[in-house]
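A quick write-up on the structure given underneath.
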Amino acid sequence: MSAPDLLVVVDPAARSVDGEAVRIARDVLCAGGRGVKVCLPADGEETERALARRGSRRPVVVGDDRALLRTVRLLHRERDLDGCALGMVPVGVAGQVALARALGVPLSPVEASRAVLSGRDEGRDLLVDDSGGVVLRAVRMPAGLAGSSSARPVGRPDGPGAARRPDPSEPLWAPPLRGCRRLVQTLAHPLHGHDDGEVAAGRLRVEADGTLLADLDRPVEQLWLAPGGDGLAELTLRQRSCAEVRVRAKSVRVSGPDFHYRADVLLGGPVRGRTWTSMADAWHLTLPRPPSAA
């Protein structure tokens, strides 16, 4: 089977983060494809124009999770998301490509490029919100639980016990001042008995296909919403002093006082209401073929 014509869109951030990985991806894709056009946009507007003018070429994102989400959102907005399969070559430090890894995309530029050229197209559900946003993996609330998009190089220590590397440009009095500021913030806004970095619970009203699951009178400690297959979303809800609730629904509505949420790697809000709707096989991602199918 011959490789399809490709439009390779190299995200500007990828070129500055790891130029060598970008070069490898370009070499492999250009060597294996028969009609490859490489686009080096300077910003989102140029990316949007390139995608709109791609013709029959299959888009390939060379970049991090944010570049992937931006491309999916643009194609969805142009009502062209289900018209083609999307390829990706992840470029970024570990925290910037966690979504791509979770979706099954190889992190090696060589393996990812080969998957684009000879892989299989896999249909996937996604969530669309009432502001035009898309969710490929999950929505989390409170937003500060898991899935932070803060970037850090592989191998750099992190966590509560990790030492912070000194900044040569930082004045000597800055670290003690920063520690005092954290103490004041903790005293002013204490956590309510949560461990492992969880933030305080929020008062939210949660409805699944019109059925009320949670109201403002009982704090929501955790909400997890993800595409669940068959055109339905999977909702996991945990409230204080209540048993965990798990349901599948076509549409989920969350409302209440101003709240934030994390949609994949992006932070949303503050908003007073948001509705997510599940869409079946709304997009396709090119992934490596299983060994038995090679």
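The values are calculated or read from the model by the stated rules, or taken from the named source; none is laboratory data. What you see is a predicted model; the values in this text were computed from it and never measured. With ideal geometry, Cβ positions are generated from the backbone for all residues, glycine too; neighbour counts draw on all protein chains shown.
A few notes on this one:
- Scanning segment 199-209 for residues that are over 29 Å from residue 123 (Cβ atoms) and of a type outside the set (Gly, Ala, Ser) turns up 199, 203, 204, 205.
- In segment 91-120, the residues that are free of Cβ contacts under 8 Å to residues at least 40 places away in the same chain and in a helix (DSSP H, G or I): 100, 101, 102
- Residues of segment 9-52 classified as hydrophobic (A, V, I, L, M, F, W, C), free of Cβ contacts under 8 Å to residues at least 60 places away in the same chain and within 22 Å of residue 85 (Cβ to Cβ), total: 9
- Among the residues of segment 210-258, those identified as closer than 18 Å to residue 126 by Cβ and outside any strand (DSSP E or B) are 228, 229, 230, 231, 232, 250.
- Any hit, segment 7-26, residues being of a type in the set (Lys, Arg), more than 22 Å from the chain's Cα centre (by Cα) and modelled with pLDDT under 95: no
- Test: residue in segment 61-82 that is within 25 Å of residue 291 (Cβ to Cβ) and at pLDDT 95 or above: no
- Some residue of segment 99-106 being at pLDDT below 95 and either at positive phi or not charged (D, E, K, R) (or both): no
- Strands (runs of 3 or more DSSP E) wholly inside segment 1-90 containing at least 3 residues that are touching a helix residue (DSSP H, G or I) at 6+ places or on another chain (Cβ under 8 Å) and β-branched (Val, Ile, Thr): 6-10, 58-63
- Matching entry among 78, 46 (being closer than 24 Å to residue 129 by Cα and acidic (Asp, Glu)): 78
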